[in-house]
Amino acid sequence: MAPTPGGNPRTRVHVVSDVHGNARDLVTAGEGADALICLGDLVLFLDYRDHSRGIFPELFGRENTDRLVALRDARRFEEARTFGAGLWAGIGSDRAAVIEEAVRRQYAELFGAFPTPTYATYGNVDIPGLWKEFAGPGTRVLDGERVEIGGWTFGFVGGGLRTPMRTPFEISDEEYAAKIEAVGEVDVLCTHIPPEVPELVYDTVARRFERGSRALLDAIRRTKPRYSLFGHVHQPLVRRMRIGATECVNVGHFAGSGRPWTLEW
């Protein structure tokens, strides 16, 4: 904790989300902070801005990636799944092993870039089963759990809700709501996905509404945390708004910006 001009110590944390393979900037994301908070989506499976980056183009090339993104952007999800299934059929029965190997390479680099201490939760494209293997002693993984940082209580809820995209860590509304309930009253509520508010869940570039959580919105109204921090929506219509007493903040698309969001008290 850094002292203030009056001599009282203050706490500063840096918050990132949607890292999507940006290990280069993650190395310095905790500089000047007492702790780093990561709200998930470490894996880069497919970069919607640069179709040459990610696991999918590594396996199937730029042209096939362009086609898949075009189908998804047009919300032709069944066609996209059929097209993707045809590509994966060429991999054969080793699909899961091929994906896991690629994810392991990314996780080794990304977890190695985390400073000490780091508090992290999962995003919807992450694979929770691998995190214990790569999280070092300076990284604490939390999901449906609380931790105290600088005298404030932080609650963490990871993952996303089910969508036609079928990303790796999507769970039911009921399971997600149970994790929100387990966290209870906190000063700062940290989640990967936003509360279900149209301005916070609409992506202005993808031109679609992402899934937010009604249970999270209800918890914000009921428990009144100081902050609700989240990511998931890369280019939101609104990055920051108040819901009652709570400041709701999309901490940003770290893969694109390379800059953490700062909270100090």
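Before moving on, here are some points about what is shown:
- Qualifying residue in the stretch 25-35 (condition: assigned to a loop (DSSP other than H, G, I, E, B), open to solvent by 50 Å² or more (accessible area, probe 1.4 Å) and over 23 Å from Y227 (Cβ atoms)): yes
- Total residues in the stretch 22-52, condition on the phi > 0 side of the Ramachandran plot and charged (D, E, K, R): 1
- Among the residues of the stretch 215-263, those that are assigned to a loop (DSSP other than H, G, I, E, B), charged (D, E, K, R) and closer than 14 Å to L189 by Cα comprise K224, R226.
- Every condition in (1) at positive phi; (2) buried (at least 18 other Cβ atoms within 10 Å of the Cβ) is met by I55 except one, and the failing one is (1).
- Whenever a residue of the stretch 239-262 is within 24 Å of N22 (Cα to Cα), its partners that are among the polar types (S, T, N, Q) and open to solvent by 30 Å² or more (accessible area, probe 1.4 Å), lying with C-beta atoms within less than 8 angstrom and at least six residues away or across chains, give the pairs H253/Q235.
- Taken together, the criteria place F60 among residues that are in contact with a helix residue (DSSP H, G or I) (Cβ under 6 Å, 6 or more places away or on another chain), part of a helix (DSSP H, G or I) and touching a residue at least 24 places away in the same chain (Cβ under 8 Å).
- Count of residues meeting criterion [free of Cβ contacts under 8 Å to residues at least 24 places away in the same chain and either of a type in the set (D, E, K, R) or open to solvent by 30 Å² or more (accessible area, probe 1.4 Å) (or both)] in the stretch 36-50: 1
- Some residue of the stretch 100-109 being closer than 24 Å to P260 by Cα, at pLDDT 95 or above and in contact with a strand residue (DSSP E or B) (Cβ under 6 Å, 6 or more places away or on another chain): no
- So S228, is it modelled with pLDDT of 95 or more, closer than 19 Å to V16 by Cβ, of a type in the set (S, T, N, Q) and open to solvent by 10 Å² or more (accessible area, probe 1.4 Å): no
- Matching residues, the stretch 71-94, being assigned to a helix (DSSP H, G or I) and open to solvent by less than 60 Å² (accessible area, probe 1.4 Å): L71, R72, F77, A80, F83, G84, A85, G86, L87, W88, G92
- Flag if D126 is acidic (D, E), under 18 Å from V103 (Cα atoms) and within 15 Å of the chain's Cα centre (by Cα): yes
The values are calculated or read from the model by the stated rules, or taken from the named source; none is laboratory data. In this text, all values refer to a predicted model and were calculated from it rather than measured experimentally. Heads up, the Cβs are rebuilt from the backbone with ideal geometry, glycines too, and the neighbour counts pull from every protein chain shown. Calculation scope for accessible area: heavy atoms of the full protein, side chains included, ligands and nucleic acids excluded. Shrake-Rupley method; radii C 1.70, N 1.55, O 1.52, S 1.80 Å.
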